[in-house]
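Peer 1: Mind looking over this structure? Questions follow.
The values are calculated or read from the model by the stated rules, or taken from the named source; none is laboratory data. What you are looking at is a predicted structure, and each value in this text was computed from that prediction instead of being measured. Neighbour counts run over all protein chains shown; Cβ positions are idealised from the backbone, glycine included.
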Amino acid sequence: MSEQETDGMGGLAVIGGGGLGIFDPNSSGMPVPPPFQQVICLVEETYVAGTKHVKDIDEAVEGLKVGDKLRFEREKGNLVDGWAIKVFAGSHRLGYVSVEVNEILARLMDGGKHVYGVVTGLELRGTWHKIHMEVDLDD
């Protein structure tokens, strides 16, 4: 049997009966997960591959800074690399996650996990933009 308590914000917390969830009375009645989300660093140091081949890369990296989040998008139809993951800053494609680390990350993404990059450094070596990043998972 479950006990019910208010959560102090107009929602209802249900305790017992198999778990704890917070119900928002203004929603569809589906439980909202408790706020225990954590960020897990999967790869401490890697870089965005293929930036030399991106048209308008100078424009894409303009304004990019350490700490910015990078969005990942799977490219399952890639004929060269079946584990390919595209990297974006806003709407600009920057390149790909390095093949050295992409298989496990692609498998996690294919399983529905939210995997993304965080800029840890920026270098300009001649005309090559080297974008350093860590890869994190929201769990």
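Peer 1: Please go through the range 79-92 and give me each residue that is surrounded by fewer than 22 Cβ atoms within 10 Å (Cβ to Cβ) and assigned to a strand (DSSP E or B), ordered by number.
Peer 2: Within the range 79-92, LYS86, PHE88, ALA89, HIS92 qualify.
Peer 1: If you don't mind, there's one more thing I want to ask. Does GLY95 satisfy the condition of being surrounded by 11 or more Cβ atoms within 10 Å (Cβ to Cβ), at pLDDT 95 or above and in a loop (DSSP other than H, G, I, E, B)?
Peer 2: So GLY95 fails the test.
Peer 1: Filtering the range 112-139 down to residues that are under 15 Å from the mean Cα position of the chain (by Cα) and not in a strand (DSSP E or B), which residue is modelled with the lowest pLDDT?
Peer 2: The residue in question is ASP139.
To keep it simple, each residue is scored yes or no on (1) of a type outside the set (Ser, Thr, Tyr); (2) touching a residue at least 60 places away in the same chain (Cβ under 8 Å); (3) on the phi > 0 side of the Ramachandran plot.
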site: VAL54; (1), (2), (3): yes, no, no
site: LEU70; (1), (2), (3): yes, yes, no
site: GLY82; (1), (2), (3): yes, no, no
site: SER91; (1), (2), (3): no, no, no
site: ILE104; (1), (2), (3): yes, yes, no
site: VAL135; (1), (2), (3): yes, yes, no
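Peer 1: Quickly run through the range 99-116 and pick out the residues that are in contact with a Ser or Thr (Cβ under 8 Å, 6 or more places away or on another chain) and either within 12 Å of PHE72 (Cα to Cα) or among the acidic types (Asp, Glu) (or both). Working first, answer last.
Peer 2: Filtering the range 99-116 for residues in contact with a Ser or Thr (Cβ under 8 Å, 6 or more places away or on another chain) gives 100-101.
Once the filter is applied, which keeps residues that are in contact with a Ser or Thr (Cβ under 8 Å, 6 or more places away or on another chain) and either within 12 Å of PHE72 (Cα to Cα) or among the acidic types (Asp, Glu) (or both), the range 99-116 yields only GLU100.
Peer 1: Could we say that LYS113 is surrounded by 14 or more Cβ atoms within 10 Å (Cβ to Cβ), without any contact (Cβ under 8 Å) to a residue 60 or more places away in the chain and not hydrophobic (A, V, I, L, M, F, W, C) here? Walk me through it before giving the result.
Peer 2: Details: surrounded by 14 or more Cβ atoms within 10 Å (Cβ to Cβ): yes; without any contact (Cβ under 8 Å) to a residue 60 or more places away in the chain: yes; not hydrophobic (A, V, I, L, M, F, W, C): yes.
Criteria met by LYS113.
Peer 1: What is the number of the single condition among (1) under 23 Å from ARG125 (Cα atoms); (2) within 14 Å of the chain's Cα centre (by Cα) that ALA60 does not meet?
Peer 2: The one condition ALA60 does not meet is (2).
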